[in-house]
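The structure under discussion appears below in the form of structure tokens.
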Amino acid sequence: MPEFTNLLVGLAGLAAVAIVVFAHDWREEHRQRMLMRPARHHAVRDWWMRHRH
């Protein structure tokens, strides 16, 4: 049974490392896409600026 527990801990560790690596790649790709897109205004901020008193 301890071997099974060690196996599960190892798999959980590998999964955590994979999540960190893939999340970092996704963030880089997302940032590049956002930089290439034309600038848009923030709808909620624009609404707030029009309606505040």
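Any read-out appearing in this document is the output of simple, stated calculations on the displayed coordinates, not a laboratory observation. It should be emphasised that the depicted structure is a prediction, and the values quoted were computed from it without experimental measurement. Using ideal geometry, Cβ is built from the backbone for each residue, glycine included, and neighbour counts are taken over all protein chains shown.
About its Cα centre, the chain has a charge dipole of approximately 680 debye under the convention of +1 per Lys or Arg Cβ and -1 per Asp or Glu Cβ, with nothing else charged.
Helical content alone sets the calculated 222 nm signal of the chain at -29000 deg cm²/dmol, taking -39,500 (n - 2.57) per DSSP H segment of four or more residues and averaging over every residue. Note the angle between two axes, namely the Cα long axis of helix 2-36 and the longest principal axis of the Cα atoms of the chain, as a number of degrees from 0 to 90, rounded to the nearest 10. Value to nearest ten degrees: 20. Counting only the Cα atoms, the chain fills a convex hull of 114 Å³ per residue.
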